[in-house]
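Structure first, commentary second.
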Amino acid sequence: MSKTEHEKKTGGIFEFLFTRHRTATLNAITMVIAIAIALALALILIFAVSSDPGNAIWQFLVAPLASKRAIGNILTTATTISFTGVAVCIMFQASMFNMAAESANFLGALTGAIVAASLKLPPVISIILPLVAGAAVGAIVGSIPGILRAKVNANEMVSSLMLNYVVLYFGLYILKSFFLDKGAGQVATKKLPAASRLANIIKGTGVHSGVLIVVVVIVLIYIFLYKTRAGFGIRIYGQNPSFARYTGVNVDNVILYSQMLGGAIAGLGGSVEIMGMYQRFQWTALPGYGWDGIIVAILARNKPQFVPLAALFIGFLRTGANYMNTYADVPKELITVIQAIMMILVTATALTGRLKQRLAVKEALGNDR
Amino acid sequence: MTGNFFSTMWANIVTIFNIIITSSFLYSVLRLTTPILLATMSALVSDRAGVTNISIEGAMLFAALIGVIGSAYTQSCWLGLLCAILAGMFFSLLLSFFHLKLKTNLVLTCIALNSFSSGLTIFILYMLTGDRGTSTALPSVDMPKVSIPLIRDIPFVGEILSGQNVLTYMTVLVVIAVAILLYKTKLGIYIRAVGESPQAVETAGISANRIRFYALLISGAIAGMGGAFMSMAYISGFTKDMVSGRGFIALAAEAMGHGQPLASTLAALLFGFTDSLANNLQVLGLSNDLARMVPYIITIVALALYTWRSAKPKKVTGSL
């Protein structure tokens, strides 16, 4: 019997959604409410501060979809934050609140740029080596809070937040001391050679082959998490650490490789970003993609398969905010505020608490019949 | 070759030591400890009520901006301080509303509130001044420095203890007030009880959430003072993301002090010391970027050493 026939016989779509998949449905409703409240708040803020709210809202919500170039911007932003989003998914699935995706991404980008710009590499290797180097450095950064947690039980959040500062200043030191292009007129590495740049794949936009890399990464991570023993270890540890321990999962190892893998993907995302979008590395502050990765992971409920969708949505908001910033009088930081509200409300179980209760009562009464 | 290396290192150690024993260095230790100590007390009050407040960073940043705006519009530093304290309490109100009322995940809410604060402060600053980075366009008023009679006349010690910002002296009072609050008042007993065993408090007919709400309000007010110090004493005016991790360093200090006011104060002093040391490392020819890493590295190392020493046989979900 197919699923659709089955659900028709047992009470249709309502029953299907609210009885069989209650948690998923309630989560989805919470998410819709959260996004709606956040967007409503955005509109209120725009009306409060803009002298031409109509134009600002147009730039924010319509302009990102109105031109090929704009849609390309959404795609490239989504690519970048899909990397960090998947990275955070893995880290959080092991129930480690590791915030180092931010600095892993930064140092991965710097390392990728340095490898590409300073070594004379043959073709193909000129693409692969910088990517691998970025991922390797990211893995090191991501694993530090993991090691500290596994070996000395130091809170991973505090250590990773501190680590972000350490890595930023370390990266800037390396850049300024050894790899500065003095002719650039700013703090930047040398230009990346053409052979190390990711190819543009859609003409008239900035979309580069990094989008293909991220799709492959997401598929691989999905398979890893849901089809392999090691991935099972991560998920079981994240859901119930004691149970994982009793079933013989090596907990220290789970913490280590989950954080290392997350860091590697964030670092890879950094090198992809530089090789796809920029001529040289010129960040002098943390770019914030790790934080965007957190909101993406939360919207995707830590499931890699939902990351592209969440990343496209956040990419859309980011692109709209940039248009609004440039062509209207509302600063783009509006989006940071809105993302924060969204992130908080998505975890608000109380939003649908009453609905949940009503459903439970209904079900209990229904069973009595 | 190695002899040369060691003699250089020895010379550097002597240089550092000579800096450390100067009164101006010790003066700056107290100055730099002030915001960390306020943040630590803020963390302490909420943590004793069982809420690990990771959003102190954001509360301080928001308060730093509101303090500057308040003092600029009223032309009174005291009204500015009041605005900052209220801003810190407002931030706690948000955290309480989301975490206690809407039952959101505490860690994620705090992370979100920190980035909320980072975005909102730039948003407000830009709307008011058209500048994204600093508040130089706002004629804000700084908190005054206070020269203490008698103490200022003591050689050496006077140069360290006198002439600090008024907020530094108020911080000492805050530490004492927090100690009295926790150990000598009814509310303090409730706060500690909620932190130890919320069920027991609920059984006694007291709402654990209400006690947590009060603790968070106090925590927010203290964080607000810390924010005011950043923008009205440490630096004159607001700069984006100016709190730069002090709210997180405070969590480490509070954990290292076992949530005890005096021990936490000592831990905060350690971080104030490293902060001050980092500012002075440039004299050894250390690059600015490397020097800026130092306080954060020390925090990680201190946290790791502390938890390593006190690590019980493998906790599953360890606290700080």
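The values are calculated or read from the model by the stated rules, or taken from the named source; none is laboratory data. Predicted, not measured: the structure shown is a model, and the values here were computed from it. All Cβ positions, glycine included, derive from the backbone under ideal geometry; neighbour counts span all protein chains shown. Note: accessible area is taken over every heavy atom of the protein model, side chains too, but ligands, DNA and RNA are not part of it. Shrake-Rupley method; radii C 1.70, N 1.55, O 1.52, S 1.80 Å.
For A:K190, the conditions (1) farther than 21 Å from A:V141 by Cβ; (2) in contact with a helix residue (DSSP H, G or I) (Cβ under 9 Å, 6 or more places away or on another chain); (3) open to solvent by less than 70 Å² (accessible area, probe 1.4 Å) all hold with the exception of (3).
Within region B:126-136, the set of residues being within 9 Å of chain A (Cβ to nearest Cβ) and either out of contact with any helix residue (DSSP H, G or I) (no Cβ under 9 Å at 6 or more places or on another chain) or under 18 Å from B:G58 (Cα atoms) (or both) comprises B:Y126, B:R132.
Where helices (runs of 4 or more DSSP H) fall wholly inside region A:13-117, the ranges with 3 or more residues that are under 17 Å from the mean Cα position of the chain (by Cα) and within 28 Å of A:K190 (Cα to Cα) are A:68-93. Note on region A:354-369: residues that are open to solvent by less than 40 Å² (accessible area, probe 1.4 Å) and modelled with pLDDT of 70 or more amount to 1.
Close Cβ contacts (under 8 Å, 6 or more residues apart or on different chains) running from residues in region B:176-191 that are among the aliphatic types (A, V, I, L, M) to residues that are exposed (fewer than 14 other Cβ atoms within 10 Å of the Cβ) and in a loop (DSSP other than H, G, I, E, B) are absent.
Here A:R245, A:R235 are screened, and the one residue that is touching a residue at least 60 places away in the same chain (Cβ under 8 Å) and either assigned by TED's automatic domain parsing to the domain that holds A:I125 or of a type outside the set (G, A, S) (or both) is A:R235. In region B:114-125, of all residues being in contact with an Asp or Glu (Cβ under 9 Å, 6 or more places away or on another chain) and within 7 Å of another protein chain (Cβ to nearest Cβ), the one that is farthest from B:E57 (Cα to Cα) corresponds to B:F123. Residue pairs whose Cβ atoms lie under 6 Å apart, separated by 6 or more positions or on different chains, with the first residue in region A:36-61 and without any contact (Cβ under 8 Å) to a residue 12 or more places away in the chain and the second open to solvent by less than 40 Å² (accessible area, probe 1.4 Å), are A:F47/A:P53; A:P53/A:I46. Restricted to region B:202-320, the set of helices (runs of 4 or more DSSP H) holding at least 1 residues that are away from chain A (no Cβ under 14 Å) and either open to solvent by 20 Å² or more (accessible area, probe 1.4 Å) or more than 30 Å from A:L175 (Cα to Cα) (or both) comprises B:208-229, B:261-280.
Within region A:146-160, the set of residues being within 9 Å of chain B (Cβ to nearest Cβ) and either open to solvent by less than 10 Å² (accessible area, probe 1.4 Å) or of a type in the set (S, T, N, Q) (or both) comprises A:N153, A:A154, A:N155, A:V158, A:S159. For A:V272, the conditions (1) at pLDDT 90 or above; (2) aliphatic (A, V, I, L, M); (3) closer than 27 Å to A:N27 by Cα are fulfilled apart from (3).
Is it fair to say B:L79 is open to solvent by less than 30 Å² (accessible area, probe 1.4 Å) and in a helix (DSSP H, G or I)?
no
Residues of region B:116-144 that are closer than 30 Å to B:L26 by Cβ and either of a type in the set (K, R) or part of a loop (DSSP other than H, G, I, E, B) (or both): B:S140, B:V141, B:D142, B:M143, B:P144. Just so you know, in region B:87-101 the residues that are more than 14 Å from chain A (Cβ to nearest Cβ) and among the small types (G, A, S) include one that is farthest from B:M41 (Cα to Cα), and it is B:A87.
Scanning region A:166-200 for residues that are without any contact (Cβ under 8 Å) to a residue 60 or more places away in the chain, within 14 Å of chain B (Cβ to nearest Cβ) and not hydrophobic (A, V, I, L, M, F, W, C) yields A:Y169, A:Y173, A:K176, A:S177.
Conditions (1) away from chain A (no Cβ under 14 Å); (2) under 20 Å from the mean Cα position of the chain (by Cα), marked per residue:
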position: B:V68; (1), (2): yes, yes
position: B:I85; (1), (2): yes, yes
position: B:K103; (1), (2): no, no
position: B:A112; (1), (2): no, yes
position: B:L138; (1), (2): yes, no
position: B:M143; (1), (2): yes, yes
position: B:V157; (1), (2): yes, no
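A:K203 falls short on exactly one of the conditions (1) in contact with a helix residue (DSSP H, G or I) (Cβ under 8 Å, 6 or more places away or on another chain); (2) open to solvent by 40 Å² or more (accessible area, probe 1.4 Å); (3) part of a loop (DSSP other than H, G, I, E, B); (4) without any contact (Cβ under 8 Å) to a residue 24 or more places away in the chain, and that condition is (1). Considering A:S258, A:S177, the condition of being polar (S, T, N, Q), assigned to a helix (DSSP H, G or I) and either under 30 Å from A:S118 (Cα atoms) or open to solvent by 30 Å² or more (accessible area, probe 1.4 Å) (or both) is satisfied by A:S177 alone. If we keep just the residues of region B:145-155 that are assigned to a helix (DSSP H, G or I) and not aliphatic (A, V, I, L, M), which is nearest to the other protein chains (Cβ to nearest Cβ)? Only one residue tops the list, namely B:R152.
Whether a residue is surrounded by 24 or more Cβ atoms within 10 Å (Cβ to Cβ), assigned to a helix (DSSP H, G or I) and within 19 Å of the chain's Cα centre (by Cα) was assessed, and B:M89 does not pass this test.
State whether one or more residues within region A:330-352 are away from chain B (no Cβ under 14 Å), open to solvent by 30 Å² or more (accessible area, probe 1.4 Å) and out of contact with any Gly (no Cβ under 8 Å at 6 or more places or on another chain).
No, the conditions are met nowhere in region A:330-352.
Only one entry of A:V214, A:V124, A:V132 meets the criterion of being open to solvent by less than 40 Å² (accessible area, probe 1.4 Å) and away from chain B (no Cβ under 14 Å), and that entry is A:V214.
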